[in-house]
Ligand SMILES: [Zn+2]
């Protein structure tokens with residue numbers, strides 16, 4: 001089993017930091033990198049092979065993932081909304097991929113259970129409607145997890161201080177998925 005982890009947005013936030021918390025300056029690209037790299041270490045410890053790539057170019061990410069021989073693809077992001085009240089965790093998968101939906105549910109469950117975030121559920125990213133490039137253009141079961149809302153004070157606190165817990169939850173979601181195979 002090999003997992004390809006894609007922390008969202010550009011390394012070191014250059015040129016694209018993703019969403020930024022207006023009060024603290026916490027950047028999505030940094031949270032995604034920290035959580036993705038830590039999740040990789042937990043997975044390696046569990047005997048799972050891992051590749052990690054954070055890159056500003058989405059086509060490069062998908063081409064690299066597709067050529068990597070990875071069995072699963074996980075893109076890590078933080079959500080943001082104009083309303084500072086919006087909060088919680090949601091995970092996207094590609095419609096029609098049973099394995100992708102199973103992986104999404106396993107990761108979503110682990111994050112909600114361990115971080116006690118609001119459960120916004122697993123959602124289908126439908127091409128042409130709310131499709132997501134990295135889900136449309138990867139060839140293996142793929143998910144995009146929105147850990148929590150960087151624009152919400154409660155969630156931003158979790159994203160600042162509990163990065164390791166998010167990472168462990170993602171790794172446990174993968175091993176839960178593995179056990180379902
Ligand atoms: Zn993002």
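Where a number appears in this text, it was derived from the coordinates with a stated rule and is not lab data. The model shown is predicted, which means the values in this text are computed figures rather than measured ones. With ideal geometry, Cβ positions are generated from the backbone for all residues, glycine too; neighbour counts draw on all protein chains shown.
If you line up the long axis of helix 28-45 against the longest principal axis of the chain, both from Cα atoms, how many degrees apart are they, to the nearest 10?
Taking the Cα atoms of the chain, the angle to 28-45 is about 40 degrees.
Taking only Cα atoms and a 10 Å spring cutoff, compute GNM fluctuations for the chain and point out the largest among 43, 103, 58.
For the chain, modelled as a Gaussian network with Cα springs under 10 Å, the answer is 58.
I need the calculated FRET efficiency for the pair residue 153 and residue 16, taking r as the beta carbon distance and R₀ as 25 Å, to the nearest 0.05.
0.60
Averaging the inverse of every distinct alpha carbon separation and then flipping it gives the Kirkwood radius. What is it for region 2-180, in angstrom units?
Roughly 15.7 Å, rounded to one decimal.
Calculate, for residue 113 and residue 59, the FRET efficiency according to 1/(1 + (r/R0)^6) with r their C-beta to C-beta distance and R0 30 Å; round to the nearest 0.05.
0.30
For the chain, what is the relative contact order in percent, using Cα pairs closer than 8 Å and at least 6 residues apart in sequence?
Value for the chain: 29 percent.
How far is helix 98-115 tilted, in degrees, relative to the longest principal axis of the Cα atoms in the chain, given as a value from 0 to 90 rounded to the nearest 10?
The angle comes out near 40 degrees.
Tell me the angle of helix 58-67 to the major Cα principal axis of the chain, expressed in degrees between 0 and 90 and rounded to the nearest ten.
For helix 58-67, the angle is close to 30 degrees.
Taking the DSSP beta bridges in region 2-180 as the whole, what percent of them are antiparallel, to the nearest 5?
20 percent
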